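The values are calculated or read from the model by the stated rules, or taken from the named source; none is laboratory data. Model, not experiment: these values are computed from the prediction. Virtual Cβ from ideal backbone geometry, glycine too; neighbours counted across all protein chains shown. Note: accessible area is taken over every heavy atom of the protein model, side chains too, but ligands, DNA and RNA are not part of it. Shrake-Rupley method; radii C 1.70, N 1.55, O 1.52, S 1.80 Å.
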Amino acid sequence: MRFIDGHAHIGYTGGWADVGINEEQLIAQMDQYNIEKTALCNENNEITLDLMKRHPGRIIGCVYVNPLNQETVDAMETYFEKGFTAVKLNPLRHAYCADAAILDPILEKAAKYNLPVCIHSGHPPYSLPWQIGLLAERHPDVKIMMIHMGHGHGVYIDAALKMARRYPNIYLEMSGMPMPTKIREAYETVGHDRIMFGTDTPFHHPTVEMQKVITSGLDEEAQQKVFYDNAAAFFGI
Ligand SMILES: [Zn+2]
């Protein structure tokens, strides 16, 4: 099997999470688990950029944007030109609603550069699947990754699948979502190309996330799409 990690972080996240991973540990983990490429973000985009430069071909740079901080919105094009190929949004972390109009200029810039947007899901009142559905509805020409596909709550996971079935520009990423069966259900009812593997490193671990796909009931050909092919297509690799 080949692997692309569709969602990961570099650095230390304090507060309640109290988790972190440094550059050396991240690359060692990728090597250990045969992860060829990792879609990576940090709120300081310079940190991600440094890793992209030091590990060419292995880091898919996601520009971290906070719509409440105009400087980060203004900097998007600069980072696209430096090689970032996706946008990262976290409504929970920065306290805005995923369906808010303040996101529109960000999605419009992504559309202009034909780059996908990855957005955290699963936490009320900011990042519920229905809100991401409304965002996707307004921007049908932007590929939107719903990170965690609803996350830990069964009702939200179900809503993530419903929204992805409704809006063809929604793609699901499975890190932190506990139910292997929902990976198979997404593959079968959302689309073979719209569910992908991710670890959310350092919040979750590759071995655990891989087991979810392996025990989902998908055959090896389907697993390969989830583990690699779908993320490669999503990120334009
Ligand atoms: Zn994350």
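Kindly provide the set of residues from the stretch 98-129 that are within 17 Å of the chain's Cα centre (by Cα) and aromatic (Phe, Trp, Tyr), ordered by number. Selection gives Tyr126 alone. Filter the stretch 17-36 for residues that are open to solvent by 40 Å² or more (accessible area, probe 1.4 Å) and closer than 18 Å to Pro56 by Cβ and give the result. Those that are open to solvent by 40 Å² or more (accessible area, probe 1.4 Å) and closer than 18 Å to Pro56 by Cβ: Glu23, Glu24, Ala28, Asp31, Glu36. Residue-level check: of (1) closer than 20 Å to Val87 by Cα; (2) open to solvent by 10 Å² or more (accessible area, probe 1.4 Å); (3) within 16 Å of the ligand (Cβ to nearest atom), His205 misses just (1).
If you go through the stretch 37-50 and keep only what is buried (at least 18 other Cβ atoms within 10 Å of the Cβ) and within 16 Å of the ligand (Cβ to nearest atom), you end up with Thr38, Ala39, Leu40, Cys41, Asn42, Glu43, Asn45, Thr48. Scanning the stretch 130-159 for residues that are within 16 Å of the ligand (Cβ to nearest atom) and either of a type outside the set (A, V, I, L, M) or closer than 27 Å to Asp74 by Cα (or both) turns up Ile132, Ile144, Met145, Met146, Ile147, His148, Gly150, His151, Gly152, Tyr156. Residue under question is Ala164, and the condition is that it be outside any loop (DSSP other than H, G, I, E, B), open to solvent by 30 Å² or more (accessible area, probe 1.4 Å) and of a type in the set (Gly, Ala, Ser); does it hold? So Ala164 does not fit the description; no.
Gly61 meets the conditions (1) of a type outside the set (Asp, Glu); (2) in contact with a helix residue (DSSP H, G or I) (Cβ under 8 Å, 6 or more places away or on another chain); (3) in a loop (DSSP other than H, G, I, E, B) in every case but one. The failed one is (3).
Let's see how each residue does on (1) of a type outside the set (Gly, Ala, Ser); (2) without any contact (Cβ under 8 Å) to a residue 12 or more places away in the chain; (3) in a strand (DSSP E or B):
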| position | (1), (2), (3) |
| --- | --- |
| Asp5 | yes, no, yes |
| Gly15 | no, yes, no |
| Asp31 | yes, yes, no |
| Thr38 | yes, no, yes |
| Leu68 | yes, no, no |
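For the stretch 211-222, filtered to residues that are open to solvent by less than 20 Å² (accessible area, probe 1.4 Å) and closer than 13 Å to Met1 by Cβ, the residue that is farthest from the chain's Cα centre (by Cα) is Leu218.
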